[in-house]
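**Student:** Just dropping this structure here.
The values are calculated or read from the model by the stated rules, or taken from the named source; none is laboratory data. All figures in this text were calculated on a predicted structure; none of them were measured in a lab. Don't worry about glycine lacking a Cβ; one is built from the backbone with ideal geometry, like all the others, and counts go over all protein chains shown. For the accessible areas, the whole protein counts, side chains as well, though only heavy atoms, and no ligand, DNA or RNA atoms are used. Shrake-Rupley method; radii C 1.70, N 1.55, O 1.52, S 1.80 Å.
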Amino acid sequence: MRHFVSTRIWHWINLIAIVVLFMSGLNISNAHPYLYWGDWGFSPTQAWLAVPRFPGWMTIPDYYSLAKARDWHLLMAFPFAFGLLGMWIAMLWNGHFRRDIKTTRREWRWSAIRADIAKHLRFDFTHGEGKYNFLQKIAYGAVFGVLLPGMVLTGLAISPGMEPSLWWLVDIFGGRQSARSLHFLCAWGLFGFFVVHVVLVLLSGPVGQLRAMILGGDHQPTNPPFARPAKPEGESA
């Protein structure tokens, strides 16, 4: 697969931004590790989730400081948000979204979805002529269309001092505490995607994948030695 220059630049800038945002966000979470729904909440008995306290090695800075954690969070919020906007403009401009991420009606057939899931369970990463298979398109679509924009919008809704001017955005999310809960869920959704993404890169040829994402060029995913590709039709088991 060949990645556009815009994709490669955004990928690495976004990686740095997300890591700093996530780790500083864990520090901010330590200030009040309870999540609520609605406009307000304070008592632990009102919380729908009690978040565990995160150790220093997982946070930025590596000691509890709400002020410094917010400084780091704000510092990375701008490249994160404007980078996402620039990436969407680039994807629509160069056809990357239409050609590689947009799904077709045929791909939504249950027989096609089942076959794609079965190939992944066999660690068979070969697919058709397109850059991404169906599960990859769904994953990238969810990240670009839901999780990343969700982080930006919920972040604005819970940002101190923004509620008076963005009250309508807070109302859309059902209250400031609801926006905070959704912000938390989007962050951990991105973390889950990151873990799966790294594992699949390691299984499908990490050297070639990294070279393609840094320097460009073509790279076709390779199956790990323990993969079980489907047997050709007519061949006995």
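**Student:** Sort through Val51, Val5 and tell me the only one that's aliphatic (A, V, I, L, M) and more than 21 Å from Ala179 (Cα to Cα).
**Tutor:** Result of the check over Val51, Val5: Val5.
**Student:** Exactly one condition in (1) part of a helix (DSSP H, G or I); (2) at pLDDT below 90 is false for Glu163; which is it?
**Tutor:** Going through the list (1) part of a helix (DSSP H, G or I); (2) at pLDDT below 90, Glu163 breaks only (1).
**Student:** When you check Phe184 against the structure, is it of a type in the set (Phe, Trp, Tyr) and within 22 Å of Trp10 (Cβ to Cβ), yes or no?
**Tutor:** Details: of a type in the set (Phe, Trp, Tyr): yes; within 22 Å of Trp10 (Cβ to Cβ): no.
Criteria not met by Phe184.
**Student:** Continuing with this model, one more query. Checking the condition modelled with pLDDT under 90, open to solvent by 30 Å² or more (accessible area, probe 1.4 Å) and either more than 25 Å from Leu49 (Cα to Cα) or over 17 Å from the mean Cα position of the chain (by Cα) (or both), which residue from Gly145, Gly174, Gly128 passes?
**Tutor:** Details: Gly145 fails: modelled with pLDDT under 90; Gly174 fails: modelled with pLDDT under 90.
Within the list Gly145, Gly174, Gly128, the selection yields Gly128.
**Student:** Here's another thing I want to ask about it. Here are some residues: Arg122, Arg114. Which one is surrounded by fewer than 16 Cβ atoms within 10 Å (Cβ to Cβ), touching a residue at least 40 places away in the same chain (Cβ under 8 Å) and over 27 Å from Leu15 (Cβ atoms)?
**Tutor:** Arg122
**Student:** Same structure again: Please specify each residue of the stretch 179-213 satisfying the condition of being of a type in the set (Gly, Ala, Ser) and either touching a residue at least 40 places away in the same chain (Cβ under 8 Å) or crowded, with 18+ Cβ neighbours inside 10 Å (or both).
**Tutor:** Within the stretch 179-213, Ala179, Ser181, Ala187, Gly189, Ser204, Gly205, Ala212 qualify.
**Student:** For the stretch 39-56, does any single residue satisfy the condition of being at pLDDT 95 or above and in a helix (DSSP H, G or I)?
**Tutor:** Yes, there is a match, as at least one residue in the stretch 39-56 is at pLDDT 95 or above and in a helix (DSSP H, G or I).
**Student:** Looking at the stretch 57-101 only, could you name the residues that are surrounded by 13 or more Cβ atoms within 10 Å (Cβ to Cβ) and either part of a loop (DSSP other than H, G, I, E, B) or of a type in the set (Val, Ile, Thr) (or both)?
**Tutor:** Passing the criteria: Thr59, Ile60, Pro61, Tyr64, Ser65, Ile101.
**Student:** Follow-up. For the stretch 37-47, which residues satisfy the criterion of being of a type outside the set (D, E, K, R) and surrounded by fewer than 20 Cβ atoms within 10 Å (Cβ to Cβ)?
**Tutor:** Trp37, Gly38, Trp40, Phe42, Ser43, Pro44, Thr45, Gln46, Ala47
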